[in-house]
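Read-outs: derived from the displayed coordinates by stated rules, not from any lab. These numbers come from a predicted model, not from an experiment. No Cβ is skipped: glycine too gets one built from the backbone with ideal geometry, and neighbour counts run over all protein chains shown.
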Amino acid sequence: LGPAAIATIPGRGYRFTLPEEALARGRSTASATAAAAAGEGAEVPADAAPRGNLPASPPMVGRDDDLTAVAALLGSNPVVSIVGAGGIGKTRLALAVAQGCALETPEGRWWVELAPLADAAQVPSTIAAALGLQLAGGRAPAQALGAMLARHRALIVLDNCEHVADAVAGVIASLRAQAPGVRLLVTSQELLKCVDEQAYRLASLALPDDAQAADPEAASRCGAVALFVARAHAADPRFALAADNVAAVIDVCRRLDGIPLAIELAAARVPMLGVQGLQARLDQMFNVLTGASRMRLRRHQTLRAALEWSHGLLTDDERAVFRRLGVFAGGFTLALAQGVATDERIDGWQVLDLLSQLIDKSLVLAEGEGEPRYRLLEPTRAYALEQLGAAGESAAWLRRHAETMVAAMVALNAARWTQPMPARLRGLADLGN
C-alpha cells in the first residue's frame, strides 16, 4: 500500500490513513504481485498507483548543456549514470532530466532515494516501496521486482548509489533482463559498471575567464557566478553583481572550484559577512561553509560532511594515497604521484591502481587528452591536507613532495642538451604546479 498508508500518532501509536478506494487498489496490486511471483508475468494495473513521485525542485542554474546532453543519452540508452564528486549537482540534474525529458513513460516517472540505506540487501524493497509496490516472496528480491515491472514502460531514478553500488548493479541487471521497457537514471560518485550503463561525468560549473572577469554582465553568464548571484540574492534581495564586487565573487567561485554545493553554502553567508568578508575567510572554508536548507541530506549541510561521506567509502590504502596527493597544488602527472605516494607497503604499481580507483570515485580528476594530468578540486585538496595532518604525516609527505619535485627538475635539467625544445617545454609544464 506504500508508506502513505500508515501515520504515526505521537504518544498513541499508528493509524491507517488511506481511503477505502485506495485499499481496493492495494488489493488489485497484491493480486498482480502474486501473479508475477507465480511466473505469470502480470503487470500492476494502471490505476494501482499514481504516475510518479518526482519531488519538487528549484530551477537549475548553469546546467543547460548538461541537461540537454543527459536527456539525449537517456533517450538512446536504457541506463544512464550521472557520475561526479559529492556536491557537484548530480541529484538536481537528474531530477531536472526526469521532469523534462521527452520519454514515453505511461507507467510513470519514479524517484528512489538510496542515501539512507545502511543495508545493501534492502535496495530491491526500497525501489518497490517508492513505486508503491510490495515484493512477493518465493524468489530473489531483484528477480521479483523485475517480474513485477516486466511489461512496464517507466523511468526510475536511483539517487545516491555509491555506497550500495554492487547491489544496485545487480538490480539493474535483473531489470534489464526482465523489464526492458524500464529506463534507469542513476546518480553516483562512482561508476556502477553494470550492464548497459552509459556514464555522464558531471563537471564543476563554468568559471569566468580573464576577459569575462572584468565585465559583471559577462561574468554572470558563467554557471558558477550565476548560481552564486541567484543564491546570494535569495538570501539578501539587496545583493546584486556589480563592478565593486564582481572580482570578489569570481575569486570565491574559483577558490571553490565551481562546486555547486560549496557555492550555495558560501552565498548563504553573504548577508552576514558580505562578499569581501566571505572572501577573506575562505582559508577556513570548512568552518565558514556550514548550514543549508533543512530539506537537504545531512551530508549536504556542510562542505566537510559531504567530503566525509566520500572519504568514508574509501579503503585504507585509498585513503592513504588520497591524503598524500593533497600536497600537489594545481595538478600532477602519474610519475609524480608515484614518486610522492609510495612507501614500504604501497609501491608504484599499486599507486597506479589506487589512483585509478580514486578517479572512479570522483575524488581525483583526470584532465587533458593523450597522457592526462590529475588534480583534486580545491575543497577536496583542502580536506586531503586536513586528513594528512590528522594522521601526523604532513611534515613527512611535504618533504617527500619537495624531494620528488627537485629530483624531477634535476633530471629535466640534465636532459636539456639532448631533448628537443617541445619535450623540454612539456616537462616544464608537468612541473609547473
**Asked** Expressed in nm to one decimal, what extension gain is obtained for the pair residue 139 and residue 72 from 0.36 nm per residue of sequence separation less their Cα-Cα distance?
**Response** 20.6 nm
**Asked** If you add up the charges near residue 282, with Lys and Arg at +1 and Asp and Glu at -1, over every other residue whose beta carbon is less than 12 angstrom from its beta carbon, what do you get?
**Response** 0
**Item:** Point-to-point label distance, residue 350-residue 53, nm (Cα→Cβ direction, 7 Å offset)
**Value:** 4.4
**Prompt:** Could you give the length gained on full extension between residue 411 and residue 211, defined as 0.36 nm per residue of separation minus the Cα-Cα distance, in nm?
**Reply:** 68.3 nm
**Prompt:** Which ³J(HN,Hα) values in Hz, rounded to whole numbers, follow from the phi angles of segment 230-235 under the Karplus curve 6.51 cos²θ - 1.76 cosθ + 1.60, where θ = phi - 60° and Gly and Pro get x?
**Reply:** 4, 6, 5, 5, 5, 7
**Message:** Please give me the summed charge of the neighbours of residue 350: other residues whose Cβ is under 14 Å from its Cβ, Lys and Arg +1, Asp and Glu -1.
**Reply:** -4
**Asked** Using mean Cβ contacts within 10 Å as the protection proxy, how do 331-342, 105-116, 182-193, 363-374 order, highest first?
**Response** 182-193, 331-342, 105-116, 363-374
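Output the relative contact order of segment 134-271, whole-number percent, from Cα pairs under 8 angstrom with separation of 6+ residues.
Reported as a whole number, the value is 20 percent.
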**Prompt:** Tell me, Kirkwood radius of segment 328-394 from alpha-carbon pair distances, in Å?
**Reply:** 12.6
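Per Stokes-Einstein, at 20 °C and 1.002 mPa s, what whole-number D in µm² s⁻¹ belongs to segment 42-173, with the Kirkwood radius over Cα pairs as the hydrodynamic radius?
Numbers: Rh = 15.6 Å.
The diffusion coefficient I find is 137 µm²/s.
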**Message:** So if I place +1 on the C-beta of Lys and Arg and -1 on the C-beta of Asp and Glu, and nothing else carries charge, what would the dipole magnitude of segment 302-383 be about its Cα centre? I want it in debye, nearest 20.
**Reply:** 340
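What does the charge count around residue 193 come to, taking other residues whose C-beta lies under 10 Å from its C-beta (Lys +1, Arg +1, Asp -1, Glu -1)? Display every interim value, and only then the final one.
Values: positive: none; negative: 166, 190, 197, 360.
Value of the local net charge: -4.
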**Item:** Whole-angstrom gap from segment 101-157 to segment 173-217, using each part's C-alpha centre
**Value:** 21
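Return the loop-located trypsin sites (Lys or Arg not before Pro) in segment 222-258 (DSSP other than H, G, I, E, B) with at most 11 other Cβ atoms within 10 Å of their own Cβ; answer none if there are none. Intermediate values should be presented prior to the final figure.
On the way: sites: 231, 238, 254, 255; in loops: 238.
Within segment 222-258, the qualifying trypsin sites (Lys or Arg not before Pro) (loop, at most 11 other Cβ atoms within 10 Å) are 238.
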**Prompt:** With each pseudo-label sitting 7 Å past Cα toward Cβ, what's the residue 102-residue 218 distance in nm, one decimal?
**Reply:** 3.5
**Prompt:** Residue by residue, what Karplus-based ³J(HN,Hα) values in Hz, rounded to whole numbers, does segment 139-150 have, using 6.51, -1.76 and 1.60 with θ = phi - 60° and x for Gly and Pro?
**Reply:** 8, 4, x, 5, 5, 4, 5, x, 5, 5, 9, 4
**Request:** Any chance you could run the full-extension gain for residue 243 through residue 153? It's 0.36 nm times the residue separation minus the Cα-Cα distance, nm to one decimal.
**Result:** 27.2 nm
